[in-house]
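The values are calculated or read from the model by the stated rules, or taken from the named source; none is laboratory data. Nothing here was measured: the structure is a model prediction, and the numbers come from that model. Here the Cβ positions follow ideal geometry from the backbone for every residue, glycine too, while neighbour counts run over all protein chains shown. SASA here: full protein model, heavy atoms, side chains in, ligands and nucleic acids out. Shrake-Rupley method; radii C 1.70, N 1.55, O 1.52, S 1.80 Å.
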Amino acid sequence: MASCHDTPAKIKPEKIVVSTSISELTGPRKHQSPVVRTVALIGPPNSGKSTLFNRLTGMRQKVANYPGVTVEQRAGKLSGGHGLKDITLIDLPGIYGMNAQSEDALVSIGVLKGEMEGTPLPDSVLLVLDATNLGRHLVLAAQILSLNLPTLILLNMKDQLIERGGSVDTFKLAQELGTPVALISAAQASGLDAVYRFLEETSGKRQMVQLPVLQNPGLCRDWAVQVGRRSDYQAPASPAWTRRIDKIVLHPVWGPAIFLAIVIGVFQVVFTLGQGFSDWFTDLIQRGGEYFAAFIHIPWLQSLLLDGVWKGVGSVLAFLPQILVLFFFIGLLEDSGYLARAALIADRTMARLGLNGKAFIPLLSAYACAVPAIMATRTIENKRDRLATILIAPFMTCSARLPIYTLIIAAFIPNKAIIPHLIGLRAAAMIGLYILGFAAAFVTARLLKSSVLKTAKAPFVLELPQYRWPTVQSITMRLYDRAKVFVIRAGTIILAVTVFLWALAALPVHGGVISNIGASWLADVGRFFEPIIHPLGFNWKIGIGLLSSLVAREVIVGTLGTLYGADPATHNLTLQAAVRGDLTPGAAFALVVFFAFAMQCTSTLAVVKRETNTWKWPIIQFAYMSGMAYFAALAVNQLSRIL
């Protein structure tokens, strides 16, 4: 099916048989088994589609990838009872039209047409449109209705429409479109009963409606305007406070200054509030280990469970509160609509890098994790721009770096204020590491865009959402997902690595007694690599940590927890105290600089290979980042000795 954005063609207006209104289709509400089994949820970006998905599925959702592509698939079972069972909701990537060129939008179109392998043709469609931007979004409705699938149109943000003086006659709009229409507010869970009534229907009257010439963008827009007018649609006024805020946050001078102030404030809170929670959690984990150790009287088993598993995994879990505090503020900024403004501000910086403004969102999400960030580059149409963004994304300071950063900063930097009650020395150090990673990305992007990946500058078009109050459910879901990922990784990858390392640290066994760690096989491995890392100021224990962190960056903290826990000399010390005794300040700084640049993540390498469909770029990326990390850490350590 061609889209409203294709080139014009001489084609007659299309006629299609679609449903009329919910009341005509269902009559009195009945609790019966529906014929609908798979429901596609589609809509433009920033229409509140994902908020509705979370409302309808609750915690009953899973995330995977579509076969053959790296686009994330979010699906969930419909919750809330209402006599509906076994209904799967698929949250499709947001689209503005059916003419998409980006990978995620092509997936949405493929699913709606039944052309996506492994995903059945939807039995019905929930089309979510922004009621405050109905004039623009109705163009998508014409294209979705032309697919001839049972469709319920949900005009979201009812609360904002009414508050700002807008209105629409949903019955007239349903008559115009020939399909049920409901006015809802996903954020306030208002009007969602219409969804359940629509999904309960088994039959209904059909009528012929005339759609615009889909291949003619001008006719599509005219049709949308006329439909809105005949449906008594009154566009809401833009809130005065939104215009006032945008005059400040989008100002060429004050805008970047405010963005920087927000970043500084967030990290200051992470280190004040988050560090307090982490210290409390660390103490809780330590007390728990001491309590359970009293019940285990077999020496090797006590060493395995306490020194290996408990201290290894617990050392990583201790940083969970700080990570959740960080993502809490990121969620607030994103859900409020501010991050879209930040993308517009960052477009100027992106232009200096030779990148399109669309690279900002993937690079911003890389501060959470490089894997979904690299997958998010699918929204960038230009292949060279997309590849350049993929190659620099791992330089952004992901959450996996936070455990080692916070460990070293807390161990070596005093908790003093630079500006009383505003910013401390530790928060400034953390911000400096974030800036360091961004600087490396900046330099790398300039090199790529001025040589092998040079392209012409492309315009950046972005629809700014209205400012909204973030919902408790949305923030809670975000923190739940992040905590779940972190805990699962701690309970699987990090647990496996710490047990393996404990075994190497305990072997060989002499006379039924496990080895001292200094005479273990693990020490032999570490000392083999020690000459390579000795110029950086690292000993063999740090070397083992670096090797283990190739699996995942945060594993190094669990590794060091296991190694220092198994060493009688440091057994009773906290991890911070043990590290402080093994590293000079220069070596400690070299360690965090190494982690700022190094590609210490096999998952990232794997997804780069999948996205580029070749091992060439991940190998180049790994060699480049590892070389930069080594020589930067070498320079830092050597300079610290001179100074």
Is region 356-368 home to any residue that is of a type in the set (Lys, Arg), at pLDDT 80 or above, under 25 Å from LYS609 (Cα atoms) and assigned to a helix (DSSP H, G or I)? no
Determine, yes or no, whether THR397 is polar (S, T, N, Q), farther than 30 Å from ILE248 by Cα and touching a residue at least 60 places away in the same chain (Cβ under 8 Å). no
Pairs, first of a type in the set (D, E, K, R) in region 221-239, second assigned to a loop (DSSP other than H, G, I, E, B), C-beta under 6 Å, six or more apart: ASP232/ASP169
If we ask which residues in region 227-271 are over 23 Å from PHE438 (Cβ atoms) and part of a helix (DSSP H, G or I), their number turns out to be 13
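Considering region 119-143 alone, what residues qualify as being within 21 Å of PHE53 (Cα to Cα) and open to solvent by 20 Å² or more (accessible area, probe 1.4 Å)? Break it down into steps so the answer makes sense when it comes.
We begin by selecting, within region 119-143, every residue within 21 Å of PHE53 (Cα to Cα); these are 119-134, 137-138, 140-141.
Answer for region 119-143, where residues must be within 21 Å of PHE53 (Cα to Cα) and open to solvent by 20 Å² or more (accessible area, probe 1.4 Å): PRO120, LEU121, ASP123, ASN133.
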Can you tell me which residues in region 393-402 are assigned to a helix (DSSP H, G or I) and modelled with pLDDT of 85 or more? ALA393, PRO394, PHE395, ARG401
Is it true that ALA373 is within 18 Å of the chain's Cα centre (by Cα) and assigned to a helix (DSSP H, G or I)? yes
Taking region 519-549 and keeping residues at pLDDT below 80 and either open to solvent by 30 Å² or more (accessible area, probe 1.4 Å) or touching a Phe, Trp or Tyr at 6+ places or on another chain (Cβ under 7 Å) (or both) leaves ALA519
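So that you can scan it fast, the table gives a plain yes or no per residue for (1) at pLDDT 75 or above; (2) surrounded by fewer than 17 Cβ atoms within 10 Å (Cβ to Cβ):
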{"residue": "VAL263", "(1), (2)": "yes, yes"}
{"residue": "VAL270", "(1), (2)": "no, no"}
{"residue": "GLN275", "(1), (2)": "no, no"}
{"residue": "SER278", "(1), (2)": "no, no"}
{"residue": "ALA294", "(1), (2)": "yes, yes"}
{"residue": "TRP300", "(1), (2)": "no, yes"}
{"residue": "ASP307", "(1), (2)": "no, no"}
{"residue": "SER315", "(1), (2)": "no, no"}
{"residue": "PHE327", "(1), (2)": "yes, no"}
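One residue is enough: does region 213-228 have a residue meeting the conditions open to solvent by 50 Å² or more (accessible area, probe 1.4 Å), modelled with pLDDT of 75 or more and among the hydrophobic types (A, V, I, L, M, F, W, C)? Write out each step before concluding.
Step one: of region 213-228, the residues open to solvent by 50 Å² or more (accessible area, probe 1.4 Å) are 219, 221-222, 225-226.
Now restrict to residues that are modelled with pLDDT of 75 or more: 219, 221-222, 225-226.
Checking the rest, the ones that are also among the hydrophobic types (A, V, I, L, M, F, W, C) come to 219, 225.
Checked against the condition, which is being open to solvent by 50 Å² or more (accessible area, probe 1.4 Å), modelled with pLDDT of 75 or more and among the hydrophobic types (A, V, I, L, M, F, W, C), region 213-228 yields at least one hit.
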So which residues in region 335-354 are more than 17 Å from LEU464 (Cβ to Cβ) and open to solvent by less than 10 Å² (accessible area, probe 1.4 Å)? LEU353
Whether any residue in region 626-641 is modelled with pLDDT of 85 or more, within 17 Å of LEU433 (Cα to Cα), assigned to a helix (DSSP H, G or I) and open to solvent by 80 Å² or more (accessible area, probe 1.4 Å) is what I want to check. yes
From the residues in region 608-625 that are among the β-branched types (Val, Ile, Thr) and surrounded by fewer than 21 Cβ atoms within 10 Å (Cβ to Cβ), which one is modelled with the lowest pLDDT? THR612
